[in-house]
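Here's the structure we're looking at; comments come further down.
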Amino acid sequence: MSILEDARELAAQGPICDPCLGRVFADKSYGLTNAERGRSLRVAAALEDDEEPEDVAREDCWVCEGECARFDDWAERCAESVEDVEFDTYQVGTRAPPLVEENEVLLREGAGLPDDAGELFKSEFNREVGKRFGRLTETDVEFGRPDVQFLLDIDADTVEVEVNSTFVYGRYRKLERDIPQTEWPCNKCHGSGYLGKQPCDKCDGTGYMYQDSVEGLSAPVVMDVMDGTDAKFHGAGREDVDALMVGTGRPFVIEVMEPRRRNVDVERLEGDINAFAEGKIEVEGLRLAEYDMVERVKELNASKRYRAEVEFGDDVSETELTDALEELDGATIEQYTPNRVDHRRAALTRTREVFEATGEWENERHATVEIHGAGGLYIKELVSGDDGRTNPSLAGILGVDAEVTALDVTGVYGVDEEFEDEAFFRD
Ligand SMILES: [Zn+2]
Ligand SMILES: [Zn+2]
């Protein structure tokens, strides 16, 4: 059958609106709306038959039950639902009424066409409402990860809105010891701050093991400025609670849930965080980041540079220290999972490279050692030997006990590429 014959068969089944008629031929031609397709087919058929083309009001359509007349209404409702939300991109989804979906199948079957000829009601609805919404709000449709997402439930007559998280990247320095990276709930009261009706004695009712955390000193400020409902801190690894993080700082991403503002002034935000943190931590290089920056900071292969204050159990000469560090420089270290590390982590022996080992001898019992090593190298154990579980080690080579008394991380570097790749930023 020709396309006009198909169109006649479709139209003969009852009053059908232009979009519903045209939708059956959605895969034919380009640059047309389905309404234009439907109207054109009706006119062409009428010309061939030398008759007046039929005019069906959308409200009277038996297939969509008049829903195709409401594209503008739905677009306006979407716009109203995000009036006080800042966004650049959106996506519209539609939950089609089951009855309309049945009608679509009946329509096609009645004309001897495949059930899935053309496209579905919901695809057209998404596109037509989306186009109108884009014009109303001067924003762009985005099929990957939009800032806001709508679900139109036609039967329930509701617009569900999802405001997707937004992300801020930066590097932090931790300038005081005994600050964990993320908030650490008290293990006695499980973070509630209470034991029964009494304030918890372990955390003084705060609910936290430590008063401050890098997360607690930064994320709430970002959440506040972006007017979100919650915020989560994602770090590129973490240093020990008692270690400083200085030098290059450590990459992080703060995720803000349901933000009402996204395009904030990052320099001002940086100043706000640093003022709030009162010198306990500081952040720099803040940028507005894409969603996949979270995975990047978590997964990117990174090497670390450390500075360790070391105390020896016996006298060590300057030459002995220099020789021992030369032996560690470029060495491959075998480390059995240290005792102090999370016991849920599988115990295994793994190998890690020491890229560079240097140091400064202070006296027979004290030195400062600088190590640049592959991600995952345990520095305290590299110095102490961890009762033979780390090999080689500084203590093992020297033949004396050696212990780290203070540890700072001075650099975090992407191994194969930099963390700061432009493709991951949105500003
Ligand atoms: Zn219709
Ligand atoms: Zn507690």
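The values are calculated or read from the model by the stated rules, or taken from the named source; none is laboratory data. What you see is a predicted model, and the numbers here were worked out from it, not measured in a lab. Here the Cβ positions follow ideal geometry from the backbone for every residue, glycine too, while neighbour counts run over all protein chains shown.
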Original post:
Consider Glu124 against the criteria (1) closer than 30 Å to Val283 by Cα; (2) surrounded by 15 or more Cβ atoms within 10 Å (Cβ to Cβ); (3) of a type in the set (Asp, Glu): it satisfies all of them except one. Which criterion is unmet?
Top reply: (1)
**OP:** Please state which of the following conditions Val43 fails to meet, knowing it meets all the rest: (1) in contact with a Leu (Cβ under 9 Å, 6 or more places away or on another chain); (2) without any contact (Cβ under 8 Å) to a residue 40 or more places away in the chain; (3) β-branched (Val, Ile, Thr).
**Re:** (1)
**OP:** Say whether the condition of being under 29 Å from Val225 (Cβ atoms), surrounded by 13 or more Cβ atoms within 10 Å (Cβ to Cβ) and away from ligand 1 (no atom under 16 Å from the Cβ) is met by at least one residue in the range 150-157.
**Re:** yes
Original post:
Residues of the range 67-93 being touching a residue at least 40 places away in the same chain (Cβ under 8 Å) and either more than 36 Å from the chain's Cα centre (by Cα) or within 16 Å of ligand 1 (Cβ to nearest atom) (or both), which ones?
Top reply: Glu67, Cys68, Ala69, Phe71, Asp72, Trp74
Original post:
Could you say which residue among Asp18, Asp88 is surrounded by fewer than 22 Cβ atoms within 10 Å (Cβ to Cβ) and in the same structural domain as Leu120 (by TED's automatic domain parsing)?
Top reply: Asp88
Original post:
Within the bounds of the range 166-182, is there any residue that is within 16 Å of ligand 2 (Cβ to nearest atom), at pLDDT below 95 and assigned to a loop (DSSP other than H, G, I, E, B)?
Top reply: no
Original post:
Which ones in the range 97-141 are assigned to a loop (DSSP other than H, G, I, E, B) and either under 15 Å from Cys61 (Cα atoms) or in contact with a Cys (Cβ under 9 Å, 6 or more places away or on another chain) (or both)?
Top reply: Pro97
**OP:** Could you please let me know if Glu76 is away from ligand 2 (no atom under 16 Å from the Cβ), at pLDDT 95 or above, assigned by TED's automatic domain parsing to the domain that holds Thr139 and charged (D, E, K, R)?
**Re:** yes
**OP:** Name the one entry in Asp242, Asp227, Asp265, Asp272 that is modelled with pLDDT under 95 and either in the same structural domain as Gly375 (by TED's automatic domain parsing) or among the charged types (D, E, K, R) (or both).
**Re:** Asp242
Original post:
Residue check, Gly249 against (1) of a type outside the set (Lys, Arg); (2) on the phi < 0 side of the Ramachandran plot; (3) not in a loop (DSSP other than H, G, I, E, B), all met but one. Which one?
Top reply: (2)
**OP:** Give the range 126-159 a look and list any residue that's among the β-branched types (Val, Ile, Thr) and either over 19 Å from Val85 (Cα atoms) or touching a residue at least 12 places away in the same chain (Cβ under 8 Å) (or both), or say none.
**Re:** Val129, Thr137, Thr139, Val141, Val148, Ile154, Val159
Original post:
Out of (1) within 16 Å of ligand 1 (Cβ to nearest atom); (2) assigned to a helix (DSSP H, G or I); (3) under 28 Å from Arg145 (Cβ atoms), the odd one out for Gly38 is which?
Top reply: (3)
Original post:
How about the range 1-23: which of its residues are out of contact with any helix residue (DSSP H, G or I) (no Cβ under 6 Å at 6 or more places or on another chain) and part of a loop (DSSP other than H, G, I, E, B)?
Top reply: Met1, Ser2, Ala12, Gly14, Ile16
Original post:
Among the residues of the range 269-287 satisfying the criterion of being surrounded by fewer than 13 Cβ atoms within 10 Å (Cβ to Cβ) and free of Cβ contacts under 8 Å to residues at least 40 places away in the same chain, which is nearest to Met226 (Cα to Cα)?
Top reply: Ala275
Original post:
Within the range 225-236, is there a residue that is among the β-branched types (Val, Ile, Thr), out of contact with any His (no Cβ under 8 Å at 6 or more places or on another chain) and buried (at least 16 other Cβ atoms within 10 Å of the Cβ)?
Top reply: yes
**OP:** Would you mind listing the strands (runs of 3 or more DSSP E) fully within the range 318-410 where at least 3 residues are of a type in the set (Asp, Glu) and modelled with pLDDT of 95 or more?
**Re:** 349-363
**OP:** Read through the list (1) surrounded by 17 or more Cβ atoms within 10 Å (Cβ to Cβ); (2) touching a residue at least 24 places away in the same chain (Cβ under 8 Å); (3) not aromatic (Phe, Trp, Tyr), then give the number of the only condition that Glu356 fails.
**Re:** (1)
Subject >> Counted residues, the range 45-64 - those being closer than 21 Å to Leu113 by Cβ, surrounded by fewer than 19 Cβ atoms within 10 Å (Cβ to Cβ) and modelled with pLDDT of 95 or more >> reply: 1
